Structures are given as C-alpha cells and as structure tokens.
1. Suppose we filter Ser285, Ser297, Ser273 for residues that are crowded, with 19+ Cβ neighbours inside 10 Å, in contact with a Gly (Cβ under 7 Å, 6 or more places away or on another chain) and under 18 Å from Glu178 (Cβ atoms); which single one remains?
2. Consider Leu105 carefully, then state whether it is surrounded by fewer than 20 Cβ atoms within 10 Å (Cβ to Cβ), in contact (Cβ under 8 Å) with a residue 60 or more places away in the chain and not acidic (Asp, Glu).
3. For Pro390, state whether it is within 23 Å of Gly64 (Cβ to Cβ) and at pLDDT 85 or above.
4. Among (1) surrounded by fewer than 23 Cβ atoms within 10 Å (Cβ to Cβ); (2) within 21 Å of Ser98 (Cα to Cα), where does Leu166 come up short?
5. Among the residues of the range 76-88, is there at least one that is at pLDDT below 85, more than 25 Å from Gly204 (Cβ to Cβ), in contact with a helix residue (DSSP H, G or I) (Cβ under 9 Å, 6 or more places away or on another chain) and crowded, with 23+ Cβ neighbours inside 10 Å?
6. Among the residues that make up the range 346-355, is at least one of them modelled with pLDDT under 80 and not polar (S, T, N, Q)?
7. Could you please find all residues in the range 146-201 being over 16 Å from Val280 (Cβ atoms), of a type in the set (A, V, I, L, M, F, W, C) and modelled with pLDDT under 80?
Amino acid sequence: MRPPSNNGPVEFVRRNYYLGIINGALFHCLSQLVSPATVLAVFAMRLTGSAAMVGLLTSLISLGWMWPQFLLANVLEPLPLKKPFYLVSALGRIISFSCLAPIVLFLARTNPHLCFWLMALVFVVYASVGATGMIPFMDIVGKSIPEYKRGSFFGYRNAFGALLGLLSGAYVKRVLGEDSGLIFPDNYLHLFQVALAILVVSVGAFCLVREPVRRVQKRRIGLGLQLQRGFRILRNAADFRRLMLVRVTMTFAGMGGSFYAVYCIEQLGAPESMVGAIIVVGVCSSALANLLWARVSDHQGNRRVIVLCSAFGCLTPLIAVVTSLFSGRPVHLPWLGTLPLNVACYLATFISAGIATGADMMGIMNYLLEIAPEGRRPSYFGVSYAVITPFMLAPWAAGALARATSYQTVFVIAAVCAVVALSQAVRLREPRGSLVGRDM
C-alpha cells in the first residue's frame, strides 16, 4: 500500500526509511562500544574504584541527552525545516568524541582521576550536542515515516543494530581479553577509536535524508509562555501525563543498569573480558525481541509494547539478586569457557534487560508520536524531556546507595519501581482507531 500523501512521495519515504535504518543500526553498534552500562562503567571503575563515580558518569551522560530538549522545542517548533539542527548536532558529536582518544592516551596511566573527569566532560558535551539533533530526528521521522511503518522502522533499526552489536560484543571480549596483546588503557583507547569511525558513518547516513516541508506555527513563544504551555499539556493531555509517569518510574527501575556489569566483575569475580560476553548476550536477546516488538507495534499498538517491556523490566533486577546467591562452583560454557555457576546464571540478567530495551525508542517514543498533534510534536517532546531530566540523577544516587549499603539493595529498589511502572503502563490508552497491519 502506498503511504499517505502527507508523508511525501513514495521514493521520499523509502529513502528516509532505509537511511534511517542504516543510521540506527550503526548507532546501536556504536552504543555497545561506549555503553555507560558496560564498557564505560567498567572503565570508570578501573579509573576511580568508586561505584558512586560510575553512577555519576551515567547520570551526567543522561542529563546531557536531556537538558537541551525543552529549550530547543521553543526554537524548533516555528521552523518548517529542522534538518539544519541535525547537521550541526552531527558535526558537534564528531568533534567532541574526537577529543576522547588523546585524553585516554595521555592521562589514563598518569592521572586516572583527571582522565575520568575530562572523559565525563567529553561525554556530557557529546550528549548535549547530540540532544540538539533528537527533536529534529523525531520530527523528520514523524513527518516522513507513516505511523503504520514506524514500528518496523524502529524495529529494524534495533534488530540490525543488535546484530552488529553481536560483532561489537565479540570484538570487546577479544580486545579486553588477556590474549589481545593490549593492556589497560590501550585496550579501551582502541575501542574508542573504532567507535569514532562508526559514529562518522552513522550520523552521515541520516544527514542524507530529505525532510518534507509542513505548515507550522510561525510565532515563537517565550520561555515563560513555553513553561505555561508545558504545564497545560501535562494538565490537559491525560495520555501524555500517564506516559510521563510510566517513563519516570521506568527511569528509577533502570537505575541498577549501570551496575549489573560492574557487580558481575567486582563482586562475582568475572574476568574483565566478560564485558564483551555481556554485550553479546544482551544484544542477541534484544535482536530477537525487537523483531517481535516491531510486529506487536505495527499490529497491536505501542501500548502493548510498553506493557510487555515493562514486565521484563520487573524481572531484570530480580534475576540479578537471585542468581547472585547461587554457588560459585565452576561450570563450562561454549565460547565463554569455565565460569563460576553464579556468574553463568547471572547472564540471564542481561537477557531480560536486552528484551526490555525496546520499550524506550519503539514503545514510548512511537506512542508519543501518535498522541502528539503533528504541529506540536517538538513541544510534546520538549516537555517530555523537561519532565524526565531531574530524574536522570537516579544512577548517581544508586551508586552512592550501593557504596553505603550494597548492590543488592539497589537492585531490590529498582524492582519495586519497575512494578509501579508496569501498574501505570497497563492503564495507558491505545490511541489508534485501527490496528490492521499494512505494507508500504
């Protein structure tokens, strides 16, 4: 079936559809190489030896992705074309990420704490300039990809990205392994250099999309009026308000994510190369799950995706707590070699986490695209980021709590928050009138 005319010509839609998938697949691959939950978390622990610093790094990166969104909504909403902001974002991300290699090269051995803080600064800048491209990205997707193809669009981005992530995980395992010939910090430096090359190709692909022109509200409102509009949206849009409640509670439910890999290595005694195996396990489960989530999104709606993924979000921290109590007797696993039983079973944590990852971009973002009026999407996305931004400090608080008590305490609290998120997700309304699957 041909896409609706308001999404542009068929060739227009197809071009953006496939370029967006290439962009997303490579971005997911890049994200595995510099994931705050795995590679960066273990690297930060090696530099500082502090769980609080690991959580702080995750929080700073998350805040970097969030804080510009609300301010940018006011700037972008009156503009008929928003792609120039994505181009600026792409250039800024490449420049900032390029600074990471010399910092690690010259400081990781001689002054690890300074290396940590400068690395954190690089990733805050990288995330902040990257955030300037998020609203243009979502607006271009909303204008050029029909709603009945967005599930498959994000699903294929995630699925192909997960397949590339398998290669990333195997590569991380090899580079961080003792037989790689690379010692700390050269092994991490090598990973960051590879990630930079992938970043260039990823953002370059989306720079080639063609943006449809739409009628927009020309008048730009002030920040004060924008805040009033944001509160009015929260007050009057019940679907949006409940979605924000789901997202906030899911943020707290995910606060243990920064420490699953660190706990596996620091407390359960797994080798550092296990980071690569963790990535492989997570992305393999994510790849298979996202094919299912894409079909569910297209045929049953994004509300169902959010509910199912929230359910797996409840399981993840519980699995981490239970499996860590198992004995440490050695067992042999293919490719992984001989591991303690508790470490081998603990990998189920990352299977569950991988299955749950579809809730954010595919479930929540698609749901928001559906309930937000086309001309006001930037405002809705801006308000959503403004609401969630203060709660991005949850991983830092979790790190401080883990340092004061234990990792298990953090995991139990995360499980409770996940149950609350699920209880709110089931109360979301399905916004589509018809859920019949269609083809492009």
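1. Sole residue among the options that is crowded, with 19+ Cβ neighbours inside 10 Å, in contact with a Gly (Cβ under 7 Å, 6 or more places away or on another chain) and under 18 Å from Glu178 (Cβ atoms): Ser273.
2. When the stated conditions are applied, Leu105 passes them.
3. Here the answer is no, as Pro390 does not meet what is asked.
4. Single failed check for Leu166: (2).
5. yes
6. Within the range 346-355, none of the residues are modelled with pLDDT under 80 and not polar (S, T, N, Q).
7. Phe154
Table: residues versus (1) of a type outside the set (D, E, K, R); (2) farther than 23 Å from Gln408 by Cβ.
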position: Leu291; (1), (2): yes, yes
position: His299; (1), (2): yes, yes
position: Arg303; (1), (2): no, yes
position: Leu318; (1), (2): yes, no
position: Arg329; (1), (2): no, no
position: Leu333; (1), (2): yes, yes
position: Ala344; (1), (2): yes, no
position: Ala348; (1), (2): yes, no
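The values are calculated or read from the model by the stated rules, or taken from the named source; none is laboratory data. Given the structure is predicted, the values throughout are model-derived calculations rather than measurements. Neighbour counts are summed over all protein chains in view; Cβ atoms, including those assigned to glycine, are modelled from backbone coordinates with ideal geometry.
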